[in-house]
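The values are calculated or read from the model by the stated rules, or taken from the named source; none is laboratory data. No experiment lies behind these values; they were computed from the predicted model shown. Glycine also receives a Cβ, built like all others from the backbone with ideal geometry; neighbour counts cover every protein chain displayed. Protein only, heavy atoms only, side chains kept; ligands, DNA and RNA dropped before computing areas. Shrake-Rupley method; radii C 1.70, N 1.55, O 1.52, S 1.80 Å.
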Amino acid sequence: MLAVDSRLATTVLQDLIRIPSVNPDLVSGAEGETQIAGYIADKLRGWGLAVQVQETAERRPNVIATLKGSGGGRTLLFNGHMDTVGVEGMAEPYSGKVRDGRVYGRGAIDMKGSLAATMAATKGLIDGGPTLRGNVIFTYVTDEEYASVGTTAIADDIRQGRLPRPDGAVNTEATGLRVGVGHKGFVWLEVVTEGKAAHGSRPDLGVDAITHMGKVLVELGRLQERLTTGDRHPLLGVGSVHASLVDGGREMSSYPDHCTLKLERRTVPPETADGVADELKQIVFRLSTEDPTFRARSRVTLVRNPWQADPRSEIVRTTAAAIEAVTGEPAETMTTTGWLDSALLGEAGIPTVICGPCGEGLHAAVESIDVASLGTCAEVYAEIIQQFCS
Ligand SMILES: [Zn+2]
């Protein structure tokens with residue numbers, strides 16, 4: 001087994017936590033990824049990797065670093081995001097302190113720990129690893145916590161041949177050192193009911209758009225019941241629907257002429273965005289046939305597809321073998337409910353797996369990573385690279 005310096009993983013993680021990189025699309029005026037990208041790029045360049053910095057939007061740089069092999073081997077992609085969610089309510093968001101075997105701070109587990117693990121694995125391979133034949137491309141990306149602009153740019157580069165097409169990809173989000181093989185998707189939708197404004201004393205003239213939206217909400221409750229008791233996906237369970245935001249009306253003594261509902265539909269395969277859009281259109285259609293004054297329109301505003309790994313793919317099998325080789329325990333598989341950038345890599349036709357360390361407090365007031373798992377994770381990454389690219 002290749003010796004990977006776990007202390008290096010910890011000190012790099014502490015450095016990364018101490019560089020704020022809150023996503024400015026989530027928290028206006030936040031730093032974004034410029035400074036943390038500079039740190040990662042400098043370090044990897046210093047270790048001899050070919051490093052390219054790619055602007056995905058103004059002051060939102062991706063870092064693309066290549067560890068070059070001798071030729072003739074398979075190309076492996078590692079993908080992880082540099083941005084974090086906000087720090088409101090956190091006592092010590094940027095301390096990076098180690099306490100009781102854990103490193104604390106925003107991004108510790110989501111997901112600066114994983115970035116540090118890829119870097120420590122890289123250093124281990126440079127210092128003492130076997131000669132690799134294939135190239136390893138590390139992509140440290142922007143904006144996963146908002147619109148995934150960073151990984152979208154990487155996937156576009158691969159589709160259009162500006163980056164070599166990898167034979168496998170590891171999305172390094174935390175999985176508790178298990179093999180991540182799937183996650184749910186989501187679709188954002190909007191419904192607008194149209195009423196008729198009139199004086200509150202004139203029910204003969206007014207049409208109440210808000211009570212009409214009430215009918216839509218009742219139907220969404222019924223849809224949720226049908227989803228709960230419907231067909232289950234073997235790994236990901238069932239889809240779901242919830243109302244997110246509602247807005248309507250102008251003042252007390254008037255019939256409201258419109259009401260807008262924004263809702264989210266979480267999806268599992270084989271559910272599609274088109275199918276989900278139809279589901280809502282049918283609800284609107286049925287309500288309008290029952291009541292001639294009911295008028296509404298619906299539309300899709302954002303689509304993020306569910307994703308499932310091919311369990312027979314080389315990258316899934318290699319990741320399981322690497323976890324077993326490093327830990328001495330059989331590798332477990334897992335899925336996540338939340339959507340991840342792995343779907344974008346999968347949709348670009350790259351066999352993908354998710355694998356990262358153990359920790360807790362993603363998006364919460366206290367976030368931490370287990371230091372022992374950070375070192376193990378770095379060893380697992382080094383092992384995956386050796387098995388896949390030798
Ligand atoms: Zn994340």
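Residues of segment 146-164 that are under 11 Å from the mean Cα position of the chain (by Cα) and surrounded by fewer than 20 Cβ atoms within 10 Å (Cβ to Cβ): Y146, A147. Within segment 292-309, the residues that satisfy the criterion of being open to solvent by 50 Å² or more (accessible area, probe 1.4 Å) and closer than 23 Å to D167 by Cα are N305, Q308.
Just one of the listed residues (T228, T175, T193) is modelled with pLDDT of 95 or more, assigned to a helix (DSSP H, G or I) and of a type in the set (S, T, N, Q), and it is T228. Would it be correct to say that R312 is open to solvent by 50 Å² or more (accessible area, probe 1.4 Å), assigned to a helix (DSSP H, G or I) and not assigned by TED's automatic domain parsing to the domain that holds H233? Considered against the rule, which asks whether it is open to solvent by 50 Å² or more (accessible area, probe 1.4 Å), assigned to a helix (DSSP H, G or I) and not assigned by TED's automatic domain parsing to the domain that holds H233, R312 comes out as no. Taken over segment 152-172, the criterion of being in contact with a Phe, Trp or Tyr (Cβ under 8 Å, 6 or more places away or on another chain) and assigned to a strand (DSSP E or B) is satisfied by G168, A169, V170. For segment 347-375, filtered to residues that are of a type in the set (V, I, T) and under 16 Å from the mean Cα position of the chain (by Cα), the residue that is farthest from R178 (Cα to Cα) is T352.
Is it the case that A321 is open to solvent by 30 Å² or more (accessible area, probe 1.4 Å) and in contact (Cβ under 8 Å) with a residue 60 or more places away in the chain?
Yes.
Checked against the criterion of being within 26 Å of W47 (Cα to Cα) and among the hydrophobic types (A, V, I, L, M, F, W, C), the candidates M90, M82 yield just one match: M82.
When G249 is tested against (1) open to solvent by less than 40 Å² (accessible area, probe 1.4 Å); (2) under 29 Å from the mean Cα position of the chain (by Cα), just one condition goes unmet, and that condition is (2). The residues of segment 292-309 that are more than 23 Å from the chain's Cα centre (by Cα) and either in contact (Cβ under 8 Å) with a residue 12 or more places away in the chain or not assigned by TED's automatic domain parsing to the domain that holds P256 (or both), listed by number, are T293, F294, R295, A296, R297, S298, R299. Quick test of your reading of the structure: R7 fulfils all but one of (1) open to solvent by 10 Å² or more (accessible area, probe 1.4 Å); (2) within 16 Å of the ligand (Cβ to nearest atom). Name the failing condition by number. Every condition holds for R7 apart from (2). The C-beta contact set for segment 140-167 (first residue under 23 Å from G38 (Cβ atoms), second residue of a type in the set (D, E) and not in a loop (DSSP other than H, G, I, E, B), distance under 7 angstrom, 6+ apart or interchain) comprises L163/D157. May I ask you to verify whether Y94 is closer than 17 Å to P357 by Cα, more than 16 Å from the ligand (Cβ to nearest atom) and among the hydroxyl-bearing types (S, T, Y)? It is false that Y94 is closer than 17 Å to P357 by Cα, more than 16 Å from the ligand (Cβ to nearest atom) and among the hydroxyl-bearing types (S, T, Y).
Here L125 fulfils each of the conditions (1) within 16 Å of the ligand (Cβ to nearest atom); (2) in contact with a helix residue (DSSP H, G or I) (Cβ under 8 Å, 6 or more places away or on another chain); (3) assigned to a helix (DSSP H, G or I) apart from (1). Take the conditions (1) outside the structural domain of K281 (by TED's automatic domain parsing); (2) farther than 25 Å from A277 by Cα; (3) open to solvent by 10 Å² or more (accessible area, probe 1.4 Å); (4) part of a loop (DSSP other than H, G, I, E, B); D143 misses just one of them, which is (3).
Only strands (runs of 3 or more DSSP E) whose full extent lies in segment 324-390 are considered here, and the ones with at least 2 residues that are touching a His at 6+ places or on another chain (Cβ under 9 Å) and either of a type in the set (D, E, K, R) or open to solvent by 10 Å² or more (accessible area, probe 1.4 Å) (or both) are 333-336. Determine whether segment 257-275 contains at least one residue that is in a loop (DSSP other than H, G, I, E, B), open to solvent by 30 Å² or more (accessible area, probe 1.4 Å), closer than 30 Å to D204 by Cβ and out of contact with any Phe, Trp or Tyr (no Cβ under 6 Å at 6 or more places or on another chain). Yes: segment 257-275 contains one or more residues that are in a loop (DSSP other than H, G, I, E, B), open to solvent by 30 Å² or more (accessible area, probe 1.4 Å), closer than 30 Å to D204 by Cβ and out of contact with any Phe, Trp or Tyr (no Cβ under 6 Å at 6 or more places or on another chain). Can you name the residue in segment 170-212 that is under 30 Å from F388 (Cα atoms) and of a type in the set (D, E, K, R) and is also nearest to the ligand (Cβ to nearest atom) among such residues? Ranking the candidates gives E173 first.
Number of residues in segment 218-246 that are touching a residue at least 40 places away in the same chain (Cβ under 8 Å) and over 23 Å from the mean Cα position of the chain (by Cα): the value is 3.
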